[in-house]
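Student: Just dropping this structure here.
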Amino acid sequence: ETVLPVSSEVLNKRVLPAGALVVVLHTCEFAEGNAAARACTKAAIRVLSSNDEVGVLDYDIQSGDMWVIPMQKVGDKEAHYKTLDSAEPSDMPSLQSIVQMAWEGLAKSTAAVKHMIIISDGDPAMPDDKLAANVTADRISISTVLVNPHSRGNAENAMRRLAEANG
């Protein structure tokens with residue numbers, strides 16, 4: 001190094017791009033099903049950094065689609081876990097409007113990587129192709145977690161198609 005016109009010392013640490021995650025909770029209809037969905041959501045939040053953003057949506061039979069945790073910087077994870085402990089998602093008829101809300105929340109984010117996780121028993125109607133195409137066009141990927149489906153083949157195929165169509 002002393003004879004070279006360069007230094008081998010790393011001056012800047014590698015900076016990881018910020019990410020944004022929205023989790024959509026749909027009721028998982030078995031004993032402790034919603035607890036399992038909350039545990040999955042907590043695990044996802046646990047691996048996020050303070051530079052990342054998070055939001056959680058669920059469906060309430062009284063209020064409809066709602067933000068349990070509005071889109072925000074991760075911040076205090078313990079506070080998010082406590083908020084999640086009170087979430088009791090209901091059985092929504094369709095994922096259309098809640099995925100629309102998740103897409104709009106993620107589209108506003110300036111994060112470099114944007115992802116949506118849908119945790120469900122697979123019985124609500126899937127979002128239409130136009131909405132799925134809009135999500136994909138905004139470079140937002142979707143993962144699906146199927147928990148205790150009523151009709152394994154139909155629900156599994158629908159959830160798999162949604163995830164595969166959206167990266």
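The values are calculated or read from the model by the stated rules, or taken from the named source; none is laboratory data. Just so you know, these numbers come straight off a predicted model, no measurement behind them. Cβ atoms come from the backbone with ideal geometry, glycine included; neighbour counts cover every protein chain shown. With ligands, DNA and RNA removed, areas are computed over all heavy atoms of the protein, side chains included. Shrake-Rupley method; radii C 1.70, N 1.55, O 1.52, S 1.80 Å.
Student: Could we say that Ile98 is modelled with pLDDT of 90 or more, assigned to a strand (DSSP E or B) and either of a type in the set (Ser, Thr, Tyr) or under 28 Å from Glu32 (Cα atoms) (or both) here? Lay out the reasoning, then the answer.
Tutor: On the way: modelled with pLDDT of 90 or more: yes; assigned to a strand (DSSP E or B): no; either of a type in the set (Ser, Thr, Tyr) or under 28 Å from Glu32 (Cα atoms) (or both): yes.
In short, no.
Student: Among the residues of segment 60-88, what is the count of those that are assigned to a helix (DSSP H, G or I) and open to solvent by less than 80 Å² (accessible area, probe 1.4 Å)? Don't jump to the end; show me each part of the working.
Tutor: In the first step, residues of segment 60-88 are kept if they are assigned to a helix (DSSP H, G or I); the result is 77-85.
Retained after the next criterion (residues that are open to solvent by less than 80 Å² (accessible area, probe 1.4 Å)): 77, 79-81, 83-84.
So the answer is 6.
Student: Within segment 101-116, does at least one residue satisfy the condition of being in contact with a helix residue (DSSP H, G or I) (Cβ under 6 Å, 6 or more places away or on another chain) and exposed (fewer than 14 other Cβ atoms within 10 Å of the Cβ)? Steps first, answer last, please.
Tutor: To start, the set of residues in segment 101-116 that are in contact with a helix residue (DSSP H, G or I) (Cβ under 6 Å, 6 or more places away or on another chain) comprises 103, 114, 116.
Filter once more, so that each one left must be exposed (fewer than 14 other Cβ atoms within 10 Å of the Cβ): none.
There is no residue in segment 101-116 that is in contact with a helix residue (DSSP H, G or I) (Cβ under 6 Å, 6 or more places away or on another chain) and exposed (fewer than 14 other Cβ atoms within 10 Å of the Cβ).
Student: Pick from Asn166, Asn134, Asn148, Asn157: which is open to solvent by 30 Å² or more (accessible area, probe 1.4 Å), in contact (Cβ under 8 Å) with a residue 12 or more places away in the chain and either among the aromatic types (Phe, Trp, Tyr) or at negative phi (or both)?
Tutor: Details: Asn166 fails: open to solvent by 30 Å² or more (accessible area, probe 1.4 Å); Asn148 fails: either among the aromatic types (Phe, Trp, Tyr) or at negative phi (or both); Asn157 fails: in contact (Cβ under 8 Å) with a residue 12 or more places away in the chain.
Criteria check complete, one pass: Asn134.
Student: Among the residues of segment 40-53 satisfying the criterion of being in contact with a Leu (Cβ under 9 Å, 6 or more places away or on another chain) and part of a loop (DSSP other than H, G, I, E, B), which is modelled with the lowest pLDDT?
Tutor: Taking the candidates together, the pick is Asn51.
Student: Now for a different question. Look at segment 9-39 and say how many of its residues are at pLDDT 90 or above and surrounded by fewer than 16 Cβ atoms within 10 Å (Cβ to Cβ).
Tutor: Summing the residues that are at pLDDT 90 or above and surrounded by fewer than 16 Cβ atoms within 10 Å (Cβ to Cβ) in segment 9-39 gives 1.
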